[in-house]
Amino acid sequence: MKLDRLIGILSILLQREHVTAPSLAERFEVSRRTINRDIEALCQAGIPIVTRQGANGGISIMENYKIDRTLLTNREMQDILAGLRSLDSIHGTKRYQQLMEKLSAGSSNFLTGNQSILIDLSSWYKDSLAPKIELIRTAIDGCQKLDFYYYSPHGEASRSIEPYYLIFRWSSWYVWGWCSLRADFRLFKLNRMEQLTLSDTVFPKRNVPLPDLADERIFPGGIQVKARFEPGCKWRLVEEFGTGCFEEQEDGRLLFHADYTDKENLITWLLSFRDQAELLEPEEIRQELQEALKKTLDRYSYC
């Protein structure tokens, strides 16, 4: 794309004293005439570019140009490239790697030794997730409605939305849009969306409020949990809730306290510890867990 190429050329000129048109043409795999047109476009945009003939000639930015060549510090550039690399981990392509090379032209250490932050946003669902993200981005860019089948804790239904934002939060991907069924903005989890299709219906953009993604808003809490864990569970409690979530008892067991959000998630989470955890409070959920365990035992019992 021309815009990507212009950004790449400008990045090279900001980092080098001068560069030749043939080398730019070879780097961006275009003709020299195309490079000349690109240089004209940059000049029309207000970038004072000069060309010099001869053995030491080439294309450069005027020395007394007011823009500081260090528009981005090393650390700022590394942060940008880390973010671009993370996008490649989602899509499974090298699209952003190519843009990284353009941005870091003339400074190869940005791509190798000085990279100290590596972000991988890929998931077990990469094969199904990447096409969904691409389709949703297309819908957002073209203001086209999305139709899909959605699975939620309250049931299954066909939904149609006007998509506005793709969001990565709580280790998952979501789309924020206006839901025709609810006549309001809603957040949909991509892993629960199936049969996505791009509608021919083009919608006029609304005044879109940003979703309130505060943990208190999405995960309101309200269940005061007290449980006892065996010592070997400490690493999981620290990883999931931090070191302040338990008190170590004299016998080595861990007395756990937390404000939990959802009863079903709480029961599922406790069962993942098998016989290493015991729920103490709330009493009504303890009784419900006992009933669930009895039913499970009956299912696995043989006559």
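The values are calculated or read from the model by the stated rules, or taken from the named source; none is laboratory data. The model shown is predicted, which means the values in this text are computed figures rather than measured ones. Counting neighbours? That spans all protein chains shown, and the Cβs are built from the backbone with ideal geometry, glycine included.
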request  = Please give the number of the condition Tyr260 fails out of (1) touching a helix residue (DSSP H, G or I) at 6+ places or on another chain (Cβ under 8 Å); (2) over 13 Å from Ala227 (Cα atoms); (3) at pLDDT below 90.
outcome  = (2)
message = So Ser160 passes all but one of these: (1) surrounded by fewer than 16 Cβ atoms within 10 Å (Cβ to Cβ); (2) more than 19 Å from Asp212 (Cβ to Cβ); (3) not aliphatic (A, V, I, L, M). Which condition number does it fail?
response = (1)
remark   = Listed by first then second residue, the pairs whose first member lies in region 23-48 and is crowded, with 17+ Cβ neighbours inside 10 Å, whose partner is of a type in the set (Phe, Trp, Tyr) and part of a helix (DSSP H, G or I), with beta carbons under 9 Å and at least 6 positions apart or on separate chains, are Ile35/Phe28; Asp38/Phe28
key: Subset of region 12-51 (residues that are closer than 18 Å to Glu63 by Cβ, of a type in the set (S, T, N, Q) and in a helix (DSSP H, G or I))   = Gln15
request  = Could you look through region 269-286, keep only residues that are under 22 Å from Pro153 (Cβ atoms) and surrounded by 11 or more Cβ atoms within 10 Å (Cβ to Cβ), and pick out the one that is nearest to the chain's Cα centre (by Cα)?
outcome  = Trp269
remark   = Looking across region 204-223 at residues that are modelled with pLDDT of 80 or more and out of contact with any Pro (no Cβ under 7 Å at 6 or more places or on another chain), the single one that is surrounded by the most Cβ atoms within 10 Å (Cβ to Cβ) is Pro211
ask   = Could you say which residue among Phe241, Phe256, Phe246 is among the aromatic types (Phe, Trp, Tyr), under 29 Å from the mean Cα position of the chain (by Cα) and assigned by TED's automatic domain parsing to the domain that holds Ala227?
value = Phe241
key: Residues satisfying the stated conditions in region 225-282, i.e. of a type in the set (Ser, Thr, Tyr) and in contact with a Lys or Arg (Cβ under 8 Å, 6 or more places away or on another chain)   = none
ask   = What number goes with the only condition from (1) among the β-branched types (Val, Ile, Thr); (2) closer than 28 Å to Asp262 by Cα; (3) modelled with pLDDT under 95 that Ile161 does not pass?
value = (3)
